[in-house]
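The values are calculated or read from the model by the stated rules, or taken from the named source; none is laboratory data. Everything numeric in this text was worked out from a predicted model, so none of it was measured. Glycine also receives a Cβ, built like all others from the backbone with ideal geometry; neighbour counts cover every protein chain displayed.
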Amino acid sequence: MSTWIDWANFTPISALLGGALIGLAAAILITGIGRILGMSGIINSALAELPKLSWQLAFVIGMAVTTWLYSLVIGFPEFEIDQPAWRIILAGLLVGFGTRLGSGCTSGHGVCGISRLSTRSITATVTFMVGGIVTASLFALI
């Protein structure tokens, strides 16, 4: 019998740990320096201030280094992307456009904004989710 859960790839422990770490990072950033953990804004600020070493650039470098260290210690699961390159590129461009249009990304609006009960962030997150569902559904038809 088929279910909507892919039990072979169901990893609740790592998902819970990852979510807790994102929440902890967001809490440390907001209480430590009063900044919102929104990755699109952090990356944009890091690139805008190059070559100066800012906290944003240090954050982005830290994300890359910890991902690399994780891959050395734990490794990454094998996966295959069975989509043509044009779909992947188009999806990336649509995400970037939506991030600009929504003045932030899911980490800023979804994690930090909803936790602050921001109406703007709740609206943006619902819009992101509906847009993602519609886009994925349309791509499935192509």
Worksheet item: Any idea how many residues of region 11-58 are of a type in the set (A, V, I, L, M, F, W, C) and touching a Cys at 6+ places or on another chain (Cβ under 8 Å)?
Response: 5
Practice prompt. Take region 114-136 and flag every residue that is under 14 Å from the mean Cα position of the chain (by Cα) and in contact (Cβ under 8 Å) with a residue 24 or more places away in the chain.
Written response: F128
Fill in: Criterion violated by H109 - all others in (1) assigned to a helix (DSSP H, G or I); (2) of a type outside the set (G, A, S); (3) within 20 Å of A20 (Cα to Cα); (4) free of Cβ contacts under 8 Å to residues at least 40 places away in the same chain satisfied
(4)
Worksheet, complete the sentence: Of the residues in region 65-99, those that are small (G, A, S) and touching a helix residue (DSSP H, G or I) at 6+ places or on another chain (Cβ under 9 Å) come to A91, G96, G98
Practice prompt. Determine whether region 119-131 contains at least one residue that is farther than 29 Å from T11 by Cα and aliphatic (A, V, I, L, M).
Written response: no
Worksheet entry | Meets criteria (out of contact with any Asp or Glu (no Cβ under 9 Å at 6 or more places or on another chain) and at pLDDT below 85) for N44 | no
Worksheet entry | One residue from I42, I13 being closer than 23 Å to R116 by Cα and not acidic (D, E) | I42
Discussion item. Go through (1) of a type in the set (F, W, Y); (2) closer than 30 Å to F139 by Cα; (3) touching a residue at least 12 places away in the same chain (Cβ under 8 Å) for F59 and report which single condition fails.
Written reply: (2)
Discussion item. For the list (1) free of Cβ contacts under 8 Å to residues at least 12 places away in the same chain; (2) assigned to a loop (DSSP other than H, G, I, E, B), I need the number of the one condition that S103 fails.
Written reply: (1)
Worksheet entry | Set I61, I88, I74: member being closer than 21 Å to F10 by Cα and among the β-branched types (V, I, T) | I74
Discussion item. Given the condition surrounded by 11 or more Cβ atoms within 10 Å (Cβ to Cβ), more than 30 Å from L138 (Cβ to Cβ), more than 14 Å from the chain's Cα centre (by Cα) and without any contact (Cβ under 8 Å) to a residue 60 or more places away in the chain, answer yes or no: does some residue in region 73-83 qualify?
Written reply: no
Worksheet item: Of all the residues that make up region 33-63, how many are surrounded by 10 or more Cβ atoms within 10 Å (Cβ to Cβ) and not in a loop (DSSP other than H, G, I, E, B)?
Response: 19
Worksheet, complete the sentence: Residue count, region 84-142, condition surrounded by 13 or more Cβ atoms within 10 Å (Cβ to Cβ), at pLDDT 90 or above and farther than 25 Å from G34 by Cβ, comes to 1
